[in-house]
Every structure is written in C-alpha cells, then in structure tokens.
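*Asks:* Sharing a structure below in structure tokens format, with a few things to ask.
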Amino acid sequence: MTDPTTTPDPTALQKIDTSVPHSARIWNYWLGGKDNYPVDEEAGDAYTAVFPGIVTIARSSRAFLHRTITYLVDEAGIRQFLDVGTGLPTAQNTHEVAQRLAPESRIVYVDNDPMVLGHARALLYSSREGATAYVDADVTDPDRILAAAAKTLDLGRPTALILSNILGHIPDREQARSVVTRLMDALPAGSHLSVNDGSRGIDPVFERAQNAYNDSGAVPYTLRTVDEITTFFDGLELIDPGVVPVTQWRPEPGAAAPGTVAEHGGLARKA
C-alpha cells in the first residue's frame, strides 16, 4: 500500500460476523483461498452440492479479469484501474497483473467487507514505481468512491473501471445502471469499463442453486440476462467479441476450445 489515507482500521477484523456466510469469503473458498470461516465453507459446499459448476465459474471469472487487464495494459495503454467490489485478495489480483506488465500502474481497490479491509494492508503491496490503495466504500455510493479514488488516481486521465461480480449485489437493475453511469461519467474519453456477472437464462441448475443461496440468509446476488448485462455498456464502444461467456472473451492462443458458462462479461471504451 502506498497511500496512507487508505490504511485499514486495525479493528476491522473485530467487525466480522462469522455466523453468517459472506459472498466474498465463499468466493475465496471456491478459488482455493483460505480466508474464510466454517460457515462460508458450509454455504459453499451446499452450493456446489447442487451446482458443482460454480467453481468453474469462479475460476473462469478470475481468468477473464486477468485477460482483460492484460488487454487494457498492452493494447489500450491504460495505467490506472478502479476495481470496485474487489473481494478478498487471491492470486492474479488486478495490481499484480497490471504492475507486472507496467510497473507504473496505479490501482485503487474498493470494498466494504471488514475482512477485505483487514487483509488489504498486509496483502496489497504496490510496485515501487506505481501505487496501490484501498477504499472502504459501498458500490452504491459512487460519489464517495470517486472522491476517495481521486487521492491516488488522476481521474482526468484514462482509467479502467472494473466491476467483477459486484453489480449482482444491487438487485434493482436501474440502480445498478445508475451506479455504472455515475462512475463512467466521471472518467474521461479513453477510459474503459469491464463488467462480468452471473447470467440468467443459461443454466437452470445454476439458477436453482443461486435461489437457494439467496434464501440462506447470505447477502443475495441477482443473476441477470445477457441483454441486461449488455445494457451496462450503453453509450460505450464494445471491444470485440462483445458481451460473451467469460470463457470465450479472447481466450489464450492455443488453449482448448472454451465451453459456455453462465457468467457473461465484456469490455468497452468511452469515446
């Protein structure tokens, strides 16, 4: 971490409710991480018992993030990233991928989970040439996000906004679109938007598992149709191949033919 204004509250871990499963910790569990509790593992195992494919979705989502950031650095020349709803640090985090390719890259992570806050300072180290900071804010408060991000990023320069598996936590579609619009309106031409979320209308077993998860007392997550996910890019120039299953967004050359997963994503540029 390079921005002292984002130093996590040392009491953050004391605020964690370990009696209720949390999506960030469950996602960490599916990715093979260790930053979770028995209640999260139980919820994750209950989900995979109904839909084992969720582990593939989680790992395909992480691989999509890796490929989009690589594109943004190598082909779009982006050096600033605003990653909202980052979740718990795992392998191939945004700053690790970006700064490996361009050490001067500056990254701001945003989340409001106390466990993420507690781990951020220890795990999110920046390269010497760049910067990595953490903002404690909710995705539904874009003005707070922008004000805090501006302490690390120059929001007058092209910036990539990353919204990975976070918009599903805003059940109202119009509110979710409003958040995206507010954030992108604050960024200049040449900025990019990356969105990926669980998709509805692809796999009924996935939908049943998600409904059961939402009824468990955990923070609910709303699946959306591909058309609904695509509307988040309204007014922007979609990068080929558009909004597709995340496994099919510019797969690595020579990789096995990608299958279809119920997780769609895309990348677009602000003209």
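Each reported figure results from applying straightforward, stated rules to the coordinates on display, with no laboratory input. These numbers were taken from a predicted model, which means no experiment stands behind them. Using ideal geometry, Cβ is built from the backbone for each residue, glycine included, and neighbour counts are taken over all protein chains shown.
*Asks:* For a quick check: with amide H placed at 1.01 Å from N, whose amide H comes under 5 Å from R106's, ignoring anything fewer than 5 positions away on the same chain?
*Replies:* Here Q80, F81, A131 satisfy the definition.
*Asks:* For segment 219-271, just the Cα set please: Rg and Dmax, both in angstrom.
*Replies:* Answer for segment 219-271, Rg first and Dmax second: 12.6, 39 Å.
*Asks:* Over 10 Å intervals from 0, what percent of Cα-Cα pairs in segment 165-234 sits in each interval?
*Replies:* Here the calculated profile for segment 165-234 is 19, 47, 25, 8, 1.
*Asks:* What does the highest-first list of 57-69, 233-245 look like by mean Cβ count within 10 Å? Please report the intermediate quantities before stating the final value.
*Replies:* Numbers: 57-69: 21.8, 233-245: 15.5.
Going by the mean number of other Cβ atoms within 10 Å, highest first, we get 57-69, 233-245.
*Asks:* Another question, if that's okay. Can you tell me the alpha carbon radius of gyration of segment 136-176 divided by the globular rule-of-thumb value 2.2 N^0.38 Å?
*Replies:* 1.29
*Asks:* Another question, if that's okay. In whole Hz, what ³J(HN,Hα) sequence does segment 154-167 give by Karplus (6.51, -1.76, 1.60; θ = phi - 60°), x for Gly and Pro?
*Replies:* 8, 6, x, 10, x, 9, 9, 9, 10, 10, 9, 6, 10, 5
*Asks:* If you don't mind, there's one more thing I want to ask. Counting residues in the chain as N, plug N into 2.2 N^0.38 Å and put the Cα Rg over that result.
*Replies:* On the way: Rg = 17.4 Å, N = 271, 2.2 N^0.38 = 18.5 Å.
In units of the 2.2 N^0.38 Å rule of thumb, it is 0.94.
*Asks:* Could you give the length gained by full extension between R208 and A150, i.e. 0.36 nm per residue of separation minus their alpha carbon distance, to one decimal place?
*Replies:* Values: separation 58, 0.36 × 58 = 20.88 nm, distance 4.08 nm.
Computed gain between R208 and A150 is 16.8 nm.
*Asks:* Between T56 and E104, what's the calculated FRET efficiency when r is the beta-carbon distance and R0 is 45 Å? Round to 0.05. Don't jump to the answer; show the numbers that get you there.
*Replies:* Numbers: r = 34 Å, r/R0 = 0.77.
The pair T56/E104 has a calculated efficiency of 0.85.
*Asks:* Sticking with this structure for a sec: Say the dipole of segment 38-81 comes from +1 at the beta carbon of Lys and Arg and -1 at that of Asp and Glu; which of A49, G77, F64 then lies farthest toward its positive end?
*Replies:* Checked the options; the winner is G77.
*Asks:* Quick check: residue separation of S19 and D143 times 0.36 nm, minus the Cα distance between them. What number comes out in nm? Before the final figure, lay out each step's value.
*Replies:* On the way: separation 124, 0.36 × 124 = 44.64 nm, distance 3.15 nm.
Working it through step by step, the gained length comes to 41.5 nm.
*Asks:* Further question: As an exercise, find the ratio Rg/Rh for segment 66-178 from alpha-carbon atoms, using the Kirkwood inverse-distance average for Rh. All intermediate terms of the calculation are to be shown ahead of the outcome.
*Replies:* Values: Rg = 13.4 Å, Rh = 14.2 Å.
A ratio of 0.94.
*Asks:* May I ask you to list, by number, the DSSP H helices of the chain whose Cα span along the axis is at least 27 Å and whose average Kyte-Doolittle hydropathy reaches 0.0 or more? Mind showing how you got there, number by number?
*Replies:* Numbers: long enough: 54-74 (30 Å, 0.51).
Result, helices passing both filters: 54-74.
*Asks:* So how much slack lies between K34 and R173, counting 0.36 nm per residue of separation and subtracting their Cα-Cα distance, in nm?
*Replies:* Values: separation 139, 0.36 × 139 = 50.04 nm, distance 3.26 nm.
Full-extension gain reported as 46.8 nm.
*Asks:* Which ordering of T159, T152 is given by a fewest-first count of other beta-carbon atoms within 10 Å?
*Replies:* Numbers: T159 28, T152 24.
Ranking T159, T152 by Cβ neighbours within 10 Å, fewest first, gives T152, T159.
*Asks:* Now a separate question. Over the chain, what is the percentage of antiparallel beta bridges among all DSSP beta bridges, to the nearest 5?
*Replies:* Numbers: 11 of 32 bridges.
In the chain, approximately 35 percent of DSSP beta bridges are antiparallel ones.
*Asks:* Still on this model: Mind pulling the per residue volume of the convex hull built on the Cα atoms of segment 136-255? Å³ is fine.
*Replies:* Values: hull volume 16.6 nm³, N = 120.
Taking the convex hull of the Cα positions in segment 136-255, it is 139 Å³ per residue.
*Asks:* Compute the label zone of T225 within segment 175-195: residues whose backbone N is under 20 Å from the point 7 Å along Cα-to-Cβ.
*Replies:* The answer is 175-178.
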